[in-house]
Amino acid sequence: MIDLIISAIIPPLLILFFIYRNDLYEIEPHNLLLKTFFIGFVITIPMIAIELITREIFHNIFLYSVIGIALVEEGIKYITLVKYNYPKKDFNEPYDGIIYSVVLTMGFALVENIIYVVGYDSGGDVA
């Protein structure tokens with residue numbers, strides 16, 4: 001079980017490391033990056049709640065996938081980025097948008113990866 005969790009955690013952390021190391025102009029403050037990463041964890045809760053509600057509304061799998069999943073997940077990530085990170089004084093160059101959006105998304109992806117590998121019998125195949 002622990003090897004499945006580690007295999008779910010490592011890819012988002014490697015992507016974070018790669019993006020962070022490629023910020024050549026101005027290194028972002030670590031505390032803001034950590035808060036953004038943690039917010040990525042937390043926003044999974046409203047996403048799951050809204051997705052459960054939209055599952056009851058949209059019985060067509062295409063509409064549910066586009067509106068109930070994709071629009072909900074990406075919309076909440078976008079709203080979080082605009083409301084939390086964009087007003088910060090450290091959001092001052094174009095690459096910051098990439099950095100903060102990837103950090104936020106990798107927080108979400110880490111939780112989603114763990115849910116996939118632990119929550120299903122075929123978790124080892126997913127990992």
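The values are calculated or read from the model by the stated rules, or taken from the named source; none is laboratory data. Keep in mind the model is a prediction, meaning the values are calculated, not measured. All Cβ positions, even for glycine, are placed from backbone atoms using ideal geometry, and neighbour counts span all protein chains on display. In case anyone asks, the SASA skips ligands and DNA or RNA and just uses the protein heavy atoms, side chains included. Shrake-Rupley method; radii C 1.70, N 1.55, O 1.52, S 1.80 Å.
Filtering segment 14-33 to residues that are modelled with pLDDT under 90 and either open to solvent by 100 Å² or more (accessible area, probe 1.4 Å) or assigned to a loop (DSSP other than H, G, I, E, B) (or both) leaves PHE17, PHE18, ARG21, ASN22, ASP23, LEU24, TYR25, GLU26, ILE27, GLU28, PRO29, HIS30. Among residues of segment 51-62 that are part of a helix (DSSP H, G or I), those with a beta-carbon under 6 Å from a residue that is open to solvent by less than 100 Å² (accessible area, probe 1.4 Å) and among the small types (Gly, Ala, Ser) at least six positions away or on a different chain give the pairs GLU51/GLY68; THR54/GLY68.
Go through segment 76-117 and give me each residue that's surrounded by fewer than 21 Cβ atoms within 10 Å (Cβ to Cβ), in contact with a helix residue (DSSP H, G or I) (Cβ under 7 Å, 6 or more places away or on another chain) and aromatic (Phe, Trp, Tyr). TYR84, PHE91, TYR116 - these are the residues of segment 76-117 that are surrounded by fewer than 21 Cβ atoms within 10 Å (Cβ to Cβ), in contact with a helix residue (DSSP H, G or I) (Cβ under 7 Å, 6 or more places away or on another chain) and aromatic (Phe, Trp, Tyr). Each residue in segment 34-47 was checked for being assigned to a helix (DSSP H, G or I), open to solvent by less than 80 Å² (accessible area, probe 1.4 Å) and either more than 16 Å from ALA109 (Cβ to Cβ) or not aromatic (Phe, Trp, Tyr) (or both), and 7 pass. Close contacts from segment 75-99, counting a first residue that is within 12 Å of THR36 (Cα to Cα) and part of a helix (DSSP H, G or I) and a second that is hydroxyl-bearing (Ser, Thr, Tyr) and open to solvent by 60 Å² or more (accessible area, probe 1.4 Å), with Cβ to Cβ under 8 Å and a gap of 6+ residues or different chains, come to ILE99/TYR20.
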